[in-house]
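Below you'll find the structure, written out as structure tokens, and then a few comments.
The values are calculated or read from the model by the stated rules, or taken from the named source; none is laboratory data. Note that the structure is predicted; figures quoted are calculated from it, not measured. Every residue, glycine among them, receives a Cβ derived from its backbone with ideal geometry; neighbour counts consider all protein chains shown. When the accessible area is computed, the model is the full protein with side chains, heavy atoms only, and any ligands, DNA or RNA have been set aside. Shrake-Rupley method; radii C 1.70, N 1.55, O 1.52, S 1.80 Å.
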Amino acid sequence: MRYLSRDGKQLHFTELVWESTEQNLPIPPRDPAEAGVPKLPTAKPKKKAPKEAAVQLQLWDMEETQEPATTTESQFVARARELADHKEPAALFVPFKSYWPTYGHMTGAQGRWYFFWRDEVRQGRYPKTDLSYIFLHVYELINGVGWDEPREGYRQLNLLWEAYRDQYKRLDQYLGGWIADFSFVHHLEIPLSDIAARSRGLAGDLAELELMRCLSAAPEQLSFEVLTVMSDYDISKSKFYTGEGQAAAERYIPQVVALIDAYVARKHGLNLIGMFQPGPAVVRERYLFRSAVYDISLYGYSVLVPVVRISKSPPLRSLITRLFRLTENKLRALVGYRGRLKDVKVDADMDELVTRFLQREFRKAEQKEKGPAVVIDDRKLQQLQSDSEVVRTLLTVEETEELEERRMAEEDSAGRTRIPAKAGHGDQAADPAVAEADSEPAAGGSKAAGAAHAVDSAPAHWQQFAAALTPLERAVVQALAEGKGSAAVQELAAAGGTMAELLFDGINETAMDLLGDLLIDEEQLNEEFVPMLQYLGGVNDR
């Protein structure tokens, strides 16, 4: 247990052990007369304590009022630093049970196992061991022993937690909060989503911090566990969720919220946080490393954390709740589950957007489970590419010869005399017609420069989208913009050694991430985006 000294300035650590010397004694009745037993004689007044006892009592009082030179926690840290690099050869496992384990609580055999086990853990191997050994190593890490950079300490704590959390469920009760405290005192910008997933949800300030971080700057990092704090709908009581729909709900609900956040930002110029602004931040005091052996002289007793109560915003909370229910209804329909949740009301365009998104994701998942529809032979593909290159070269030669013959015929008809090229200049002709022909690429370059200027003047998200497309994907968009249809896309896909469906999915995935909506639907371009294709450079440049 932990106690404060009488002046309240410093914590110290102590253990109290109490053993009863009376065993199996019957409980006497309250009234001896009722029990039929004689009353015991009244005890005589005790004599005064001898003089030496009074002196002992005085010494005890003096000891309590003295300021302890060091605390048990500081002694632990000092010893931990001495043993930071200590190793032992292979040792036998010895059970170890201690509520607040320290080095002094271990026997020699337990100490040999601990330092052998700790070295194994540092090497990335996690032998089976007792929980007290794990907590002892955790205490070392949170007190700054066993690492040089805070990121390394954070990494070790996470690996230790992940390695043993299935064996010891109690780790989830402590390590989530301790790792969060570790990130606060060392100013580590880390997502709390991992902590939320392992701790089966975050409560209080940590959940609010993670919600604010994700909805402000990284909606794609939203986790199901954190979002449940925002929902008035308890999905854990849904038969669909507790049955076949849990994995799908936990996967797609955060994606739907991120999708709507992008949609709102594109439509209104403000994301969800901007539209439904929560109240100001409230500074909260967070006590560090509760229930751990921790020396407060290292990082202090507590930290002040500004917390925005984002989950208390009624309009945002209402929207998240409706998105939970809407997504569950869409998932029920996609998996063929009977029954729907009633009174799910969202805007029609949001409903349509979520429907199209989930349908696409389910198609992709089904295609992945089935495997590729066509198995491509690499050798045949290379041969096809080689043959195509030969054919392209021959066509180029034929076109060049045809153009040369046509030019010569035009010169003869005009009565012009061909002037042989000077030595060292190949077949280049010093002819005004040739000079005019040579000027044509400059016009083409001007057109390309214009396309590049269009891309440079595009909105930022369209510039990102244009840069993210591969040349093959850009060619697909151009073919659709020119109305060439799916046949042209199939030819492009075959030449690139892929399938049209995979190209569509890749383009749409990029569009969803950067534009907030699908660019291609049912092998046709989204009409809303057609005027913006000019920003892709060369696409829809007619």
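In segment 232-261, the residues that are without any contact (Cβ under 8 Å) to a residue 40 or more places away in the chain reach residues that are open to solvent by less than 40 Å² (accessible area, probe 1.4 Å) and among the polar types (S, T, N, Q) with C-beta atoms within less than 9 angstrom, at least six apart or across chains, in these pairs: E250/S223; P254/S223.
Residues that are over 30 Å from E140 (Cα atoms) and buried (at least 16 other Cβ atoms within 10 Å of the Cβ): does segment 276-285 have at least one? Let's see the steps before the verdict.
In the first step, residues of segment 276-285 are kept if they are over 30 Å from E140 (Cα atoms); the result is 276-282.
Now restrict to residues that are buried (at least 16 other Cβ atoms within 10 Å of the Cβ): 276, 278.
Yes, some residue in segment 276-285 is over 30 Å from E140 (Cα atoms) and buried (at least 16 other Cβ atoms within 10 Å of the Cβ).
Condition first: in a helix (DSSP H, G or I) and either acidic (D, E) or open to solvent by 50 Å² or more (accessible area, probe 1.4 Å) (or both). Now tell me which residues in segment 506-538 satisfy that. Lay out the reasoning, then the answer.
Keep residues of segment 506-538 that are in a helix (DSSP H, G or I), which gives 506-514, 530-536.
Selection gives E509, D513, L514, V530, P531, M532, Q534.
Where in segment 30-131 are the helices (runs of 4 or more DSSP H), entirely inside, with at least 3 residues that are more than 21 Å from A292 (Cα to Cα) and either at pLDDT 50 or above or touching a Pro at 6+ places or on another chain (Cβ under 7 Å) (or both)? Steps first, answer last, please.
Working: elements: 32-35, 51-65, 72-82, 108-122.
Answer list for segment 30-131: 108-122.
I'm checking my understanding of the structure. Among residues of segment 286-314 that are farther than 28 Å from V138 by Cα and assigned to a loop (DSSP other than H, G, I, E, B), which one is most open to solvent (accessible area, probe 1.4 Å)? So that I can check it myself, show each step before the final result.
Restricting attention to segment 286-314, the residues satisfying the condition of being farther than 28 Å from V138 by Cα are 308-314.
This time we only want the ones that are assigned to a loop (DSSP other than H, G, I, E, B), so: 308-309, 313.
On the way: V308: 23, R309: 74, S313: 10 Å².
My answer is R309.
When L323 is tested against (1) in contact with a helix residue (DSSP H, G or I) (Cβ under 7 Å, 6 or more places away or on another chain); (2) part of a strand (DSSP E or B), only condition (2) is not met. Report yes if some residue within segment 258-268 is of a type in the set (V, I, T) and under 22 Å from the mean Cα position of the chain (by Cα); otherwise report no. Yes, there is a match, as at least one residue in segment 258-268 is of a type in the set (V, I, T) and under 22 Å from the mean Cα position of the chain (by Cα).
Tell me yes or no: at least one residue of segment 166-178 is modelled with pLDDT of 85 or more, of a type in the set (D, E), open to solvent by 30 Å² or more (accessible area, probe 1.4 Å) and farther than 17 Å from Y133 by Cα. The answer is no; no qualifying residue exists.
Scanning segment 228-244 for residues that are modelled with pLDDT of 90 or more and open to solvent by less than 20 Å² (accessible area, probe 1.4 Å) gives S231, I235, S238, F240.
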